[in-house]
Every structure is written in structure tokens, then in C-alpha cells.
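Right, one structure below, let's go through it.
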Amino acid sequence: MALLSLQNAQLAFGHVPLLDHTDFSLEMQERVGLIGRNGTGKSSLLKILAGIDKPDDGTLHTQNGLRVAYVPQEPILDAASSVFEAASLGLADAIEARDLYLSGAEGLDLDALQNRIEALDAWNWEQRVEETLHRLHLDPAQSIGALSGGNKKRVALAQALVSRPDVLLLDEPTNHLDMDSITWLEDLLLDYKGSLVTISHDRAFLDRVATRMVELDRGRLLSYPGNFAQYQTLKEEQQAQEAVINARADKLLAQEEVWIRKGVEARRTRAQGRITRLEQLRSQRAQRRDAVGSVKLEVSSGQSSGKIVAELDGVSKAFVQADGTRKTVVRSVTATLLRGDKIGLIGPNGAGKTTLLKLILGELAPDSGTVRQGSKISVAYFDQMREQIDLDATLEDFISPGSEWIEIGSKRTHVKSYLSDFLFSPARANAPVRTLSGGERNRLLLARLFARPANVLVLDEPTNDLDIDTLELLEDLLQQYEGTVFLVSHDRRFLNNVVTSTLVSEGDGAWREYVGDVEDWMTQSARAQMNSANAAPAPVPQASKPAPAATAPAPNTAKRKLSYKEQRERDALPEIIAALEKEQAEIAAQLEDGQLFATDPAKATQLSTRHAEVEAQWLLAMERLDELSISTA
């Protein structure tokens, strides 16, 4: 039986139907990924499921006692509250019931109140909040105002999770989260025992988390079993079948239109049944809701820059923090960046990715070291904070101030036609920018960015709020772009499909360049760590007298606290090792008497190969367990 179901729902803004006689149901322990174009009504649907908004028509049915928690795209939290106080708001009913019981007010039905307290587990609400905050790695005493965007998202999740909901509704949960935080969120949702509906455009996130994909397309909800990769396969098949059916219907309609327009003699003898069928064909064609057009992206790289775009030699940069201490975000970085490079900057929030970009472009002066920019550089900059947007300007003036025409390469285009390439209708060209949604503002910024010739594109978090179709088109554009690209993003799939090398923050201001995409960086980094762990320590010669600490520091033997990811890895390794040992023993038992080689040599060879693979995996797992154990010994 479904936990909740929406039947025959209708919702429209103006003449545009967002939900058109739509049905939806959510089963137990389902994890649904909700996708669709910007502006199609995904957030509105999520609010209807949460009971916050109501459809124009239709009904929402929920099981009795169902607990639903909703986390919006931009959580609203009191900046003056502590993390503990903000998370406790998720248990407002439990806190109110317990406080009322303890007040001893006259006329209370204590038996009914006691039953309510036990049902809400209100006696232990503080413990529940503390356990949730510990699980989410949040400091209960910290002020909300001092948190980053990613940690505010964690507090909003804590506020939802403390109520132990049966259904969790998340709107763009990966926005403002760095890669480690996204991985942490994926692990959290995979362990979650309830049902989930999440809006997301992060394809790697959906591939790992979702068990069913639901697409909101032209007012209809289309359901596809499996994760995002399976959805793509099924969607392509569906679109191919739909195109064939529509083409046949259009061909038949064209034939009938030719027939009905024949001469007077033919019209006198036409059959009434055939006329009726023609009217039906016209009606069906009028009611068909064609897919919204795709964004058309193109950019001129203009005049080529010099071979060297930027050269950094021992560059460092530090900032004074609120508590008066200095934090170094770039330390002794040396790199040569060449024309045509597509470089991804990767690191946690606050690591200094934007600072490093500004140093490369000459917008910031380094504290030490030198930065040399190449010749003939023309930069187009996409700002993640959207500071370039004038909210009071019209779309037309924002794209092309003072002119109705835009020139891209050798092509001259009217600004209204250019805006239509980015899915803005001519009727909206004179509307103010402030009327646009977050995703539409990002699309408008891309339109402005690509309207100017540039040989260096700097994209700082361009993927936030963009729908999947636009993301894929942007990927194609950047792959074909002949200039240099600097890309800051936490979208792993987007980075993998675009970049040719990565600059990765390795902590304490250190940055290192890796050839290849994100997967290549992770492979190279893991191999380097393994080689470092396996390397034998060099013998330390015995000195006749102890050397001063300032000139010869002792080896660093202080124990290191494991990260959350490393702790999970260490906890899982004994189980993995035991499973490998069990599998190896089972294979050895099958091969022991040699009989299998005579009866089924192919299987025997396969098992022998697998035995060697298991042994190699077991050895690596044992070495990794030793490495993690030594780190905290």
C-alpha cells in the first residue's frame, strides 16, 4: 500500500499547466529522483506532497500517522540561534507535550498526555537531537550565522531527521555542498530506512541514490524504474517510439488535408466518415504537447591567446579571519597553464578555489611569488554569486545594452531571437530580471557570457539550478570550445565530461595538479597514498647529541583523527576481509582434489583466476586496515 498518493492533480500559473491531471504514489523504502526542466513545477509538486501547498484540483491521500519532513532548496534558519536550537524545531510537538505535562497545569488529561508523550518519544528529545547532530558532524553550540551554506544545509537536514520521518522530501540537497559532503549525504540517504523524494540535477548523485526516476514533463509525471542511467536508456527508447507514432499521425493528417481540399466534384462525393476522422486527427494534433525546445548554445572564442595563459611561481595568499588569525588558502603554488587547457578546480568549501582563480587572472595580487599572464587574453567570467546581475534591468538590456543586435563570430542576431535560443520567449524580453527563477537567472548569465567573444572562460559553480538538459548542452559546448576553460564545480559528472586536468586542494593551502578528470585524480591520489603507505621508512642515524628542535624537528608521531569517510572505511574493512577469506576458502575447497579440472576445465580456470584476484584484494584490504589503524595508534 502506498504511503502517500496524489490523484488527478491540477496546478497552473496563468495559462501554463504545471500539473495536468497528474497521478503520483510513493511506496515504502522507495527513493524517488524527481527531475525536469527549470520552471516545470517540481518544487511546487514537492510542497504539495509535503502538505504545504494545495493543488488547484485533485486529492492527496496519506496513511494515518504518516510523518513527512520537507527540506527546501534554501533553508530559512534564524541566524541568532544555535545549531541545537535550530535542530530542535523539528521536535516542536514533542517538546510542547513534555513541557505541558511537567507544568502540572490543572484540568489536564494526564493519561492522554502521557500516551502522546510516549508516542512522540518526548522524554528523550534532547538525546535524539544530540545523536542526530553527532551523526551529521555538527557542533550543537555553534551559531547558525557563523555556518557555511553547506553546513546550514546539514542543520536543515538535522531538523528534518530528528522527527524520524517516514517520508523525507528534499529540494536540491546537493546545492552548496562540496564533493566530500555530497558523498556523505549519499551514504546517509542509503542508510535511511524511510522513503525519499528528492529534486536533483546531480546525475552522479541520482545514479547512486535513486531507485526510481520520475520526470515532470509538460504537466505529466512519467515514471521510470531504476537510477538515472537506466532512465536515460528508457527515455531514449520512449522518445524514439513517440517520434515514430507522431510522424505517422502527421503523415496521415497531411494526406487527409490534401483530400479535403480537392475540387468541387470531389467535395460533393466525400464520405461523412472520412470527414469525421479528419476532424479527430486535427483535434489530436492540436492536443499533442510537443517537448519544449532545447537551449541553443554557441560561443565565439575570438582571437587566440598566447600559448601560455598564466604562469605561477611560488604563489601564496592568506586572509585574516574574524578571530584575528591568518588563514593561508594558497601556499607556494607553481604551475603553467596553456592555451586550450580545460582545468577543473576541486576542493571543499572555503578551500580557496575562487581566490586561486582570481590570482590566475590577475584580479588579486599574491602575498608572495609571481603571476605572469599571457598575451591577448580576453576573459568571460561566470560568477557563482550572480553579482553581475542587475535585477531591475530588462532581459533585453541585460544581454545587449543599447543595441537590438548581437554579433557572435560572423553572425548577427536580434536580441529577442538570441534570448529565444535560451528558452526566453520574445514576450519576456522586456520583463525585469528579478521575475526570473534561480535556474532562469543562471541561464540568462550564460546567455550574456556567450554573447561576448572570449578566449578564456571562467565558470564558477555554473551548474547550480541548471536543469539536466541544459547541463548536457553546456558540456557539449565546452568540449568543442577552442579556448581555455577554468571550471569550479562539485558536479562530478559535469567535471568528468569537460576537464582535461584538475587543480586539487590538498589542505593547508597546498594545491596539486593532476592530468585527467575527477576519476583520474581519485585513482592517482589513491595510488600515491598507497605507495606512500607501503614505502619503507628511511633509517634515522643516531646523533651523539640531541639536535635543537628548531633545526631538526622530530618525526611527527602524533596520532591523527580519522575523517568521517576514513572512519567508515576502517569500520567496514574487517567485514570485507572476512568475506574475501570466506570466498577464497570456498574456491580452494572446490579446486582441492583437482576433479574440477577434468570435468569442467573452463570453470576450473575461471575459479583459479578468481582465487588470485581475491588474494590480491585481500592483501590490499589488509594493508589499508594497517594504514588506518597506525594513523590513530
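The values are calculated or read from the model by the stated rules, or taken from the named source; none is laboratory data. Fair warning: this is a prediction, and the values are worked out from it, not measured in the lab. Here Cβ is always computed from backbone atoms with ideal geometry, including for glycine, and neighbour counts include all displayed protein chains. Heads up: the accessible areas ignore ligands, DNA and RNA and are worked out on the full protein's heavy atoms, side chains in. Shrake-Rupley method; radii C 1.70, N 1.55, O 1.52, S 1.80 Å.
Taking a Cβ cut-off of under 15 Å around residue 148, the surrounding Lys, Arg, Asp and Glu residues balance to a net charge of 0, with basic ones at +1 and acidic ones at -1. Local charge sum around residue 371 (other residues, Cβ-Cβ under 14 Å, Lys/Arg +1, Asp/Glu -1)? Here the count lands on -1.
Relative to the Cα centre, the charge distribution of the stretch 1-158, modelled as +1 at Lys and Arg Cβ and -1 at Asp and Glu Cβ, gives a dipole magnitude of about 760 debye. Which of rounded, prolate or oblate describes the stretch 407-486 when judged by the alpha-carbon gyration tensor and an a/c cut-off of 1.5? In terms of gyration-tensor shape, oblate.
Applied to the stretch 238-244, the Karplus parametrisation 6.51 cos²θ - 1.76 cosθ + 1.60 on θ = phi - 60° returns per-residue 3J(HN,Hα) values of 5, 5, 5, 5, 5, 5, 5 Hz, with x for Gly and Pro.
Once you list every other residue whose beta carbon is under 9 Å from the beta carbon of residue 614, what net charge do they have if Lys and Arg are +1 and Asp and Glu are -1? Net charge around residue 614: -3.
Among 42/358; 582/603; 47/358; 235/565; 153/342, which pairs are too far apart, with a Cα-Cα distance over 28 Å?
Result: 42/358; 47/358; 235/565; 153/342 exceed 28 Å.
Of the accessible area of the stretch 81-193, computed with a 1.4 Å probe over protein heavy atoms only, carbon and sulfur atoms account for 48 percent. In terms of the Cα gyration tensor, with a ≥ b ≥ c the square roots of its eigenvalues, is the stretch 62-143 rounded because a/c is under 1.5, prolate because a/b exceeds b/c, or oblate? Prolate.
For the stretch 36-190, the equivalent ellipsoid derived from the alpha-carbon gyration tensor has semi-axes of 29, 23, 13 Å in decreasing order.
Roughly what % of DSSP beta bridges within the stretch 168-258 run antiparallel, to the nearest 5? If we restrict to bridges inside the stretch 168-258, about 60 percent are antiparallel.
Note on surface exposure: 84, 450 rank 84, 450 by accessible area, highest first, 1.4 Å probe.
In the stretch 338-470, what % of DSSP beta bridges are antiparallel (nearest 5)? Antiparallel bridges: around 55 percent, rounded to the nearest 5.
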